[in-house]
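What follows is one structure encoded as structure tokens, with my remarks underneath.
Just so it is clear, none of the values below were taken in a lab; they were calculated from the coordinates. Being a predicted model, the structure only gives us computed values, none of them experimental. Note: ideal-geometry Cβ built from the backbone for every residue, glycine included; neighbour counts use all protein chains shown.
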Amino acid sequence: MLNRRDLLLNGSAAALLPVVAAFGEPAKPSSAVEAKAMNALFDTFVQEQLQRSPETATSLGLDKDELAELKSRLSDVSLAATAKEKIDNARRIERLKAIDRAALSGLDAANYDTVMFTLAVEDEGDRGFNYGGGGSGAPYILSQLTGSYQSIPDFLDTEHAIESAADAESYMARLNAFATMMDQELEQVRHDVENGVVPPDFVIDKTLVQMNAFLDTPADKATIVKSIGRRAREKGLSGDYEAKAAAIYTGKVLPALARQAAYLKELRPMAGHDAGVARLPKGSDYYRVSLKKYTTSGLSPDEIHQAGLDLVESLSAELDPLLKAQGLNDKSVGTRLSIMASDPKYLYENTDAAKVKMIADLNAKVAVVLAKLPGYFDILPKSKVEIRRVPKNIEAGAPGGYYQPGSLDGARPGAYYINLRDTAELPSWGLSTLTYHESIPGHHLQISLSNETTGLPLIRKILFFSGYGEGWALYAEQLAIEMGMYDSDPLGRIGQLQAALFRAVRLVVDSGMHAKGWSREKTVAYYVDTLGEKETAAVTEIERYCVWPGQACSYMLGKLTWLKARDRARQALGPKFDLRAFHHAGLLSGALPLAVLDQVIDQYVERAK
């Protein structure tokens, strides 16, 4: 197990075996002086990030020893802190430019390009837009998917470890800080409203549903109160922490959230119904930068829209004969998928007992695919993955499934969350693909390998690129076919293709809303007609794309990049191509912008020759 010093002092790629194996020995090694200076700068950037975001330190398991004081804090999200961060980010770019990029090669060059891309796209958003807390990709401080009310309770319950009285006291400090954070967010919202940024009416409505569910939860039922009491008792800690937490919850947390909810209610009559960001100040530019941030590609909205339409056509054609084989011969592909999705024989009962059984069935799928991994990967993650239900208080606006990484030291496992608000939204034939995407060989395998790889600077383990990570998870869905996971599961194969069609539809509807003026209703109708999903699920997805413009496009564009890179490597290497070596090169290099991933794979091919 690496300690914090090991993580922060990782040097250039030539020092440690796993990443060297991925890259080979560069034809022209990096300048030792420049590589050392760059990695020292990266260490400084990480320290600044941890101080700026104590939650990151906790998520990584680094809030101990000399960083223990971070465990008592949450991020400062005030207007003043946001303004300072914009200045600091611009200065980081200048500090990194002082490193001679031409003197770097191999992983050192990839590290430089990756960090520079991250800083530059953030700076473009900071300079261009004065709302959303800076940057791009999330224009509304408070929504059904953004805001501390939505994230901090689960963070405290699942990521803030309780081992000692000091940990419990830190928890109490963070409960107080939670109330402060909500007031800072309200300050940001007021600022944005003054600058012409108001969420759509349906976003405010969904946000208020979730906030009211939170506000209606008494202290003795609240997760953030019960969590500290239960875990303190389990560790034998003296003191009535549950009573102390209840006092903070009722005296500070709920009043702060009530202030947010009250302001959103005041704001509701001002809200329009337009779904896209084009109506916001510099909205078209905001969408363009958001696409760059999430997809890490330079494709235009028009190119993305057309790519989506083309993929919808080809994937629908591929689904047609498989649906006919199930006796579904008439009507559109979407209608036939809808018939399958509503067939009771493919649905779990919407009861707690059936939901427990569903999670057990998903664990069984993970066990099967785990046994097959050695044939496709030469290094496997040590970290385990747990399957959990999305917390009930946020399930109304949460997506169907998502992944939460474990800690760097493996003490806290990764978690695949599945939304069980209504099992009618989750036909059994679609669950295999969702599980492969979120756990193995998808997000859990990719993120765990990155976390466990020696030789990557810590800053590279913190960064996540949706184009790379979500693209890998979609590639993993495709890989499951090659691993034989659908050989005796034709319904699961339909689910896999429906999932691919879903991601193609995302290209169409995201660009449709934000660049072509599509209404929420038009977007929902296209989604339902093409995919055959229930309108309730469609609404959740479409409203997600409203508050995270561009993010939905990263999945399919990333998958296509992974597949094209593999085809390019296979063609160049012929009989020398080794799928396990390809995966090794792409995964052990850490998360990358897609253009840098292409460079990494091209270098791997040259070494393999």
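Within the same chain, lysines fewer than 8 places from LYS221 are excluded, and of the rest, those with a Cα less than 17 Å from its Cα are LYS244, LYS252, LYS392. The HN-Hα couplings worked out from phi for segment 372-387 by the Karplus form 6.51 cos²θ - 1.76 cosθ + 1.60 (θ = phi - 60°) are 8, 4, x, x, 10, 9, 8, 10, 10, x, 7, 5, 8, 10, 10, 9 Hz, whole numbers, x standing for Gly and Pro. With Cα atoms defining each centre, segment 246-275 and segment 589-609 are spaced 47 Å apart in the structure. Applying Stokes-Einstein at 20 °C and 1.002 mPa s to the Kirkwood radius of segment 47-124, computed over alpha-carbon pairs, gives a translational diffusion coefficient of 150 µm² s⁻¹. Out of all Cα-Cα pairs in segment 140-277, roughly what percent, to the nearest whole number, are more than 20 Å apart? Cα-Cα pairs in segment 140-277 separated by more than 20 Å: 48 percent. Judged by the mean number of other Cβ atoms found within 10 Å, the most tightly packed of the peptides 53-59, 39-45 leads the ranking 53-59, 39-45.
Calculate the length of the line joining the C-alpha centroid of segment 524-582 to that of segment 391-426, in whole Å. About 20 Å separates the Cα centre of segment 524-582 from the one of segment 391-426. Placing R0 at 35 angstrom, the Cβ-Cβ distance between MET172 and GLU266 gives a FRET efficiency of 0.65 after rounding to 0.05. DSSP beta bridges confined to the chain are antiparallel in about 45 percent of cases.
Determine the relative contact order of segment 152-252: mean sequence separation of Cα pairs under 8 Å and six or more apart, normalised by residue count, in whole percent.
Dividing the mean separation by the residue count of segment 152-252 yields 43 percent.
Counting only lysines at least 8 places from LYS324 when in the same chain, those with an alpha carbon closer than 25 Å to its own are LYS345, LYS534.
What value in Å³ per residue do you get for the convex hull of the alpha-carbon atoms in segment 290-560?
Cα convex hull per residue, to the nearest whole number: 131 Å³.
With bins 10 Å wide beginning at 0, the percent of Cα pairs of segment 34-73 falling in each bin runs 32, 45, 20, 3.
Quick note on segment 227-341: its Rg to Rh ratio, both from C-alpha atoms and Rh being the Kirkwood radius, is 1.25. A Förster radius of 45 Å, combined with the Cβ-Cβ distance separating HIS273 from PHE577, puts the computed FRET efficiency at roughly 0.30. Per-peptide packing, taken as the mean over residues of other Cβ atoms within 10 Å, places 401-410, 384-393 in the sequence 401-410, 384-393 from highest down.
The 3J(HN,Hα) values that the Karplus relation (6.51, -1.76, 1.60; θ = phi - 60°) gives for segment 278-284 are, in residue order, 4, 6, 7, x, 6, x, 5 Hz. Gly and Pro appear as x. Of interest is the spacing of the C-alpha centroids, which for segment 86-139 and segment 173-244 amounts to 32 Å. Placing a label point 7 Å from the Cα of LYS357 along the Cα-to-Cβ direction, the residues of segment 425-454 whose backbone N falls under 13 Å of that point are 428. Computed from the C-beta positions of ASP183 and LEU373, the FRET efficiency with R₀ = 56 Å rounds to 0.75. Taking only the alpha carbons of the chain, we obtain Rg and Dmax values of 23.8, 68 Å in that order. Packing, taken as the mean count of other beta carbons within 10 Å per residue, orders the peptides 106-112, 64-70, 148-154 from highest to lowest as 106-112, 148-154, 64-70. How much of the pair distance distribution for segment 306-397 lies past 16 Å, counting alpha-carbon pairs only, in percent? So the pairs more than 16 Å apart make up 74 percent of the total in segment 306-397.
Put a dot 7 Å past the Cα of LYS384, heading toward its Cβ, do the same for THR423, and the two dots end up 2.5 nm apart. By the rule of a C-alpha distance below 30 Å, with chain neighbours fewer than 8 residues away ignored, the lysines paired with LYS609 are LYS28, LYS36, LYS372, LYS461, LYS559, LYS564, LYS576. For a modelled paramagnetic label at SER238, 7 Å from Cα along Cα-to-Cβ, the residues of segment 162-190 in reach, with backbone nitrogen under 15 Å, are 165-166.
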